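Working notes, structure below.
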Amino acid sequence: MNTSTPAPSRAIGLVGFDGDDTLWKSEDYYRKAEQDYLDLLSRYIDVHDTQTARHLLEVQQRHLGVFGYGVKSMTLSMIEAAIEITSQRIEAKDIQRILDIGHDTLRHPVELIDGVRESVAAIAAQYPVVLITKGDLFHQEAKIKVAALSDLFPRIEIVSEKDPETYARVLAEFDLPMQQFVMVGNSLRSDIEPVITLGGWGIHTPYAVTWAHETQHGVADDEPRMVSADTAWDWPAALATIEAKAAAAA
């Protein structure tokens, strides 16, 4: 794959973009799946408090190192959590229904967030860009294809985890110092914190719905290496702000 060439005479040489809930909508469908799961379990237990949803999150987090991220991981966790929380009383037909929830979620439509194509195109006209998204390989590949953004990204990375090691590997392949890298994303935990930890920059655009796991982070509201952008339309201006900051720090 073409890794592109860092932009000449600029303090920033590469801009990375997250996929789910940054370029296209995703978490909405996971939350619908979780609600369908809770509705199903209401036949067995009282789900009106937060314990059932919290139990599912605990099971998901327990298995991230084995199942990874994505719909398939969620579905396996739902099955295990349902068996546990019903003390194995759940019927086979309802386990099948959980599988159906997973299948339905895998087939959800891919809807670009407003302003994404225009802003990514504007940034890609001035900077090398890379798409860095995590999750199930097959599902992410399918979403990237349907989103029809491949023409804007000469390099696409689908990773199992977004941690400092992953970002360091990607930047090493570009032969670029982390201080010249900006990551654009909705998740402070996955898109911003690891990059800032390594000395890079972040543009944070929060999504309306966030998975509880992704809310666990250590990024301060006034983090100097991060710029907030309310919408995708604001990305070029946010990048210009970071360009100026990075140039002043160089």
Solvent-accessible area, 1.4 Å probe, carbon plus sulfur percent, for the chain: 53 percent
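Contact order normalised by length for segment 54-140, with contacts defined as Cα pairs under 8 Å and 6 or more residues apart; what percent is it? Could you put the intermediate results ahead of the total?
Numbers: 44 pairs, mean separation 29.8, N = 87.
With pairs under 8 Å counted, the relative contact order is 34 percent.
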Packing-based ranking, highest mean first, of 65-78, 86-99 given that Cβ atoms within 10 Å are counted: 65-78, 86-99
Segment 72-152: Rg to Rh, with Rh as the Kirkwood radius over Cα pairs: 1.18
Tilt relative to the chain, helix 71-85 - C-alpha long axis, 0 to 90 degrees, to 10: 40 degrees
Karplus-derived 3J(HN,Hα), 6.51/-1.76/1.60, for each residue of segment 123-130, Hz, glycine and proline x: 5, 5, 6, 10, 9, x, 10, 9
Pairs of lysines in the chain (C-alpha under 21 Å apart; 8 or more residues apart or interchain): 18
Nonlocal amide H pairs with Trp24, under 5 Å, H built at 1.01 Å: Ile113
The chain: relative contact order as a whole-number percent, Cα under 8 Å and 6+ apart: 27 percent
Nearest-ten-degree value, helix 51-62 long axis tilted from longest Cα axis of the chain: 60 degrees
Nearest-10 value in Å² for the accessible area of Phe138, using the 1.4 Å probe: 140 Å²
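When only C-alpha pairs under 8 Å and at least 6 residues apart count, what is the relative contact order of segment 1-93, in percent? Kindly include the intermediate steps, with their values, before the conclusion.
Numbers: 39 pairs, mean separation 18.7, N = 93.
Relative contact order, segment 1-93: 20 percent.
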Residue-wise HN-Hα coupling along segment 113-121, computed from phi with Karplus coefficients 6.51, -1.76, 1.60 (Hz; x: Gly, Pro): 6, 4, x, 5, 4, 5, 6, 5, 4
List Ser160, Ser150, ordered by accessible area with a 1.4 Å probe, largest first: Ser160, Ser150
³J(HN,Hα), Karplus 6.51/-1.76/1.60, whole Hz, each residue of segment 162-177, x for Gly, Pro: 10, 10, x, 4, 5, 5, 4, 5, 4, 5, 5, 5, 8, 6, 10, x
Amide H partners (placed H, <5 Å) of Phe17, local residues excluded: Val130, Leu131, Ile132, Val184
Amide H within-cut-off set for Val159, under 5 Å, with H built and near neighbours excluded: Thr133, Lys134, Gly135
Rg/Rg_globular for the chain, with Rg_globular taken as 2.2 N^0.38 Å and Rg from C-alpha atoms: 1.09
For segment 31-67 and segment 155-173, distance of Cα centres in Å: 30 Å
Mean ellipticity per residue at 222 nm, deg cm²/dmol - from DSSP H runs of n ≥ 4 across the chain, formula -39500 (n - 2.57): -13500 deg cm²/dmol
Distance from segment 72-114 to segment 223-249 (C-alpha centre basis), Å: 39 Å
Accessible surface, per residue, of the chain when the full set of protein chains is kept, probe 1.4 Å, Å²: 46 Å²
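I'm a student and want to see the number: the projected area of the Cα convex hull of segment 1-93, averaged over all directions, in nm².
On the way: hull surface 37.7 nm².
Result: a mean projected hull area of 9.4 nm².
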Degrees between helix 27-41 axis and first principal axis of the chain (Cα, 0 to 90, nearest 10): 10 degrees
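The values are calculated or read from the model by the stated rules, or taken from the named source; none is laboratory data. Everything quoted here is computed from the prediction, not taken from an experiment. Backbone-built Cβ (ideal geometry, glycine too); neighbour counts: all protein chains shown. Quick note on the areas: whole protein, heavy atoms, side chains included, nothing else; ligands and nucleic acids left out. Shrake-Rupley method; radii C 1.70, N 1.55, O 1.52, S 1.80 Å.
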